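Notes to accompany the following structure.
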Amino acid sequence: METVEKTFCTAAMNTHSLTYHSVWLTFRVLTAWYLVAVVLEYLLPGIITNYISLDLFLWVVILLGAVNILLWKRSTH
Amino acid sequence: MVSSTTALRVCINVLVISTPILVLLFLFAQYAALFGTLRFSTDFSDESAFIDPWRPLGRAMDREKNLRTGDTVQRIVGEPVYMDVSVPRSFDSVDVTMEYKNSGHPLVEFGLITSTEPYAVRLQPFQSTLIDEALTQWNITTDASSGLTLLQREQQYDSVSTFVANPPRDAVAATYNASIPYTYTDATYRPSSSTITIDRLLRGSHQFVVYAAKEHLHSTWSFVDMNREFNDDGVRIEVLLKGNVIWEEWLVDDGDVTASGVVTEERTLNIDFPFVEPGVYEYRISTTNDMVLTHITSDQERFVVKNALTVINNEEFINAFPNVDTAPTILTMSGLQLRAQTDHPAGLQTVLIDDEELILEEVHTPTWWEAEQFHELLATRTVVLPRNDVTIVTQGFYAFDPASYFDPNDAILPLNERVTLDLLDYILYSNYSAPEETNHTVLQHVTLSLEGVAGDRKELTFVLSAPGLDRDDNELTIERMEFIFHRDPLWKRLKKRFAPPL
């Protein structure tokens with residue numbers, strides 16, 4: 001019984017860790033790309049905004065940041 | 001377990017990092033039009049990096065948002081209006097789609113400015129409610145080789161070519177974006193033994209049309225260069241028969257390309273063709289506004305001016321022409337509309353068209369007159385220009401003497417916004433297809449070639465023209481515009497560039 005519980009806890013921890021890792025990585029990558037997109041849009045007007053809304057892009061980054069903080073708090077408790 | 005988690009982490013890393021790179025590569029490819037197309041659109045809800053809203057303000061209203069539906073539109077109440085579009089590359093052609101509401105204006109045209117100096121616009125048919133209505137009721141005959149379509153109230157012609165070769169003389173036909181060689185003939189015509197003389201001062205480019213039959217086609221043209229502007233004031237004179245240039249001559253500049261204001265000596269050019277076949281001959285004179293036609297003589301009595309006429313017998317030009325005759329100019333005119341404009345305060349006046357007044361109150365401002373009795377399609381009117389120094393434009397002809405007047409088109413009219421279907425028996429047009437209409441919204445597509453557009457073709461100005469829109473209180477409500485620009489894809493351009501010479 002103990003072995004089953006231990007395995008389950010390890011699996012849950014791994015899943016949580018993987019989710020946290022994914023969100024954290026995505027957040028960092030998207031933040032970097034948002035900055036790149038802003039600079040590119042300034043240099044080549046329309047290259048990004050013709051297809052992607054920079055405002056929407058920023059909201060996605062902010063939401064990811066918020067989710068990331070929630071996951072981080074869960075992992076430290 | 002650990003190794004599978006690590007593998008999963010690596011996969012996530014690759015996915016998260018490579019996706020934005022692929023997206024960015026795609027965006028670059030689109031922006032640089034590597035695949036040959038660049039597509040963008042606007043629904044006016046937000047600013048676009050490529051498209052500016054319609055201008056100028058006054059003719060085009062500010063963008064308006066419907067708070068109930070959330071849709072944003074731009075209303076057009078005057079014309080022409082312009083839309084500036086910037087593209088990162090130069091392209092060969094563009095497909096434009098416009099979704100709009102038309103409150104009832106009969107004629108809309110779309111195009112682009114091909115050159116600003118000299119100003120040139122290329123317009124294409126966009127919407128003609130008259131043709132749309134005729135398409136649903138009349139007989140349709142098309143000719144694939146010429147691209148012409150003939151609409152007949154009652155079918156009298158089997159083919160378009162028969163109609164073009166032998167247009168009707170007892171019925172009224174209109175042409176739109178299509179031309180028919182002048183059809184006028186007169187079996188009773190006898191060559192005149194006298195010579196007509198025109199001593200009015202005519203500024204800039206003009207077109208004259210004469211009828212001649214088995215006689216010498218003879219005329220003389222005297223020019224003076226006012227040298228008011230910095231430019232080369234050459235003159236090109238062409239003689240055309242059935243739309244083909246049969247003779248051409250250049251008169252070079254007087255050597256003064258500065259704005260010295262020095263008026264040079266009068267120079268005269270003779271045009272002489274022995275025993276020409278019966279027909280309508282056109283003299284086309286292309287020059288700058290510095291050149292003034294001071295004296296014209298013609299052995300052909302039937303002699304009219306086509307479309308536009310600028311007479312400058314006014315004290316404004318007394319320095320250039322000290323003995324200028326400022327008496328009013330009296331013309332015989334065909335045409336159902338007249339646009340008049342003066343560029344000097346001395347030219348502000350009241351133009352008379354029969355008994356009707358057309359008051360020019362401001363300089364540089366076109367002022368319009370329209371016939372009230374529009375059913376009198378072929379009537380002629382007397383136009384009086386009391387002070388001259390005015391440019392008048394009509395879709396018809398003017399004669400300086402009623403005896404000289406004739407209508408080279410017979411009963412064939414250019415289609416305009418005031419012509420109604422009940423007045424016509426035939427319509428000949430090209431390059432037009434009726435728009436899709438759904439729920440009061442019109443969806444129309446047009447393909448414009450960008451060949452011949454001046455500059456690097458990255459800054460384009462599109463033109464929307466709806467002649468008479470401001471006068472008939474209609475409006476166009478533009479809801480959405482889409483542009484798809486085309487050029488050869490990168491591989492094709494590389495292939496062309498590095499292809500071995502033939």
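The values are calculated or read from the model by the stated rules, or taken from the named source; none is laboratory data. Everything numeric in this text was worked out from a predicted model, so none of it was measured. In this analysis, Cβ positions are derived from the backbone assuming ideal geometry, glycine residues included, and neighbour counts consider all displayed protein chains.
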First in segment B:11-29 and within 15 Å of A:Y34 (Cβ to Cβ) and facing chain A (nearest Cβ under 7 Å), second anywhere and aliphatic (A, V, I, L, M) and not in a helix (DSSP H, G or I), Cβ under 7 Å, 6 or more apart: B:L27/A:I47; B:L27/A:I48
Meets criteria (on the phi < 0 side of the Ramachandran plot, under 30 Å from the mean Cα position of the chain (by Cα) and in a loop (DSSP other than H, G, I, E, B)) for B:T288: yes
Residues (at pLDDT 85 or above, surrounded by fewer than 21 Cβ atoms within 10 Å (Cβ to Cβ) and within 22 Å of the chain's Cα centre (by Cα)) located in segment B:377-395: B:T391, B:V393
Among the candidates B:T37, B:T69, residue that is at pLDDT below 90 and either within 26 Å of B:Q444 (Cα to Cα) or of a type in the set (S, T, N, Q) (or both): B:T69
In segment B:315-337, residue surrounded by the most Cβ atoms within 10 Å (Cβ to Cβ) [restricted to those that are at pLDDT 90 or above and under 25 Å from the mean Cα position of the chain (by Cα)]: B:L331
So B:I131, is it of a type outside the set (F, W, Y) and not in a helix (DSSP H, G or I): no
First in segment B:225-237 and over 18 Å from B:I312 (Cα atoms) and aliphatic (A, V, I, L, M), second anywhere and at pLDDT below 90 and surrounded by 15 or more Cβ atoms within 10 Å (Cβ to Cβ), Cβ under 6 Å, 6 or more apart: B:V235/B:L251
Residue check for B:D472: part of a loop (DSSP other than H, G, I, E, B) and closer than 30 Å to B:A379 by Cβ: yes
Condition broken by B:Y31, with the remaining ones in (1) farther than 27 Å from B:Y432 by Cβ; (2) of a type in the set (F, W, Y); (3) surrounded by fewer than 18 Cβ atoms within 10 Å (Cβ to Cβ) satisfied: (3)
Residue match in segment B:222-238 (condition: in contact with a strand residue (DSSP E or B) (Cβ under 8 Å, 6 or more places away or on another chain), under 24 Å from B:Y189 (Cβ atoms), modelled with pLDDT of 90 or more and among the polar types (S, T, N, Q)): no
Inter-residue pairs, beta-carbon under 7 Å, first at the interface with chain B (Cβ under 8 Å from one of its Cβ atoms) and in segment A:44-67, second part of a helix (DSSP H, G or I) and of a type outside the set (A, V, I, L, M), 6+ apart: A:L44/B:Y31; A:I47/A:E41; A:I47/B:Y31; A:I48/A:E41; A:T49/A:E41
Residues located in segment B:268-280, provided they are surrounded by 16 or more Cβ atoms within 10 Å (Cβ to Cβ) and within 28 Å of B:D232 (Cβ to Cβ): B:I271
Tally of residues being crowded, with 18+ Cβ neighbours inside 10 Å and either more than 8 Å from the chain's Cα centre (by Cα) or more than 8 Å from chain B (Cβ to nearest Cβ) (or both) across segment A:16-28: 2
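Residues checked against (1) touching a residue at least 12 places away in the same chain (Cβ under 8 Å); (2) exposed (fewer than 14 other Cβ atoms within 10 Å of the Cβ); (3) basic (K, R):
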position: B:F40; (1), (2), (3): yes, no, no
position: B:I51; (1), (2), (3): yes, no, no
position: B:R63; (1), (2), (3): yes, no, yes
position: B:I76; (1), (2), (3): yes, no, no
position: B:V81; (1), (2), (3): yes, no, no
position: B:E99; (1), (2), (3): yes, no, no
position: B:G104; (1), (2), (3): yes, yes, no
position: B:N139; (1), (2), (3): yes, no, no
Residue match in segment B:407-426 (condition: surrounded by fewer than 18 Cβ atoms within 10 Å (Cβ to Cβ) and free of Cβ contacts under 8 Å to residues at least 12 places away in the same chain): yes
Qualifying residue in segment B:41-52 (condition: over 30 Å from B:V77 (Cβ atoms) and facing chain A (nearest Cβ under 9 Å)): no
Residue in segment B:463-502 that is modelled with the lowest pLDDT, counting only those that are under 25 Å from the mean Cα position of the chain (by Cα) and of a type in the set (D, E): B:D472
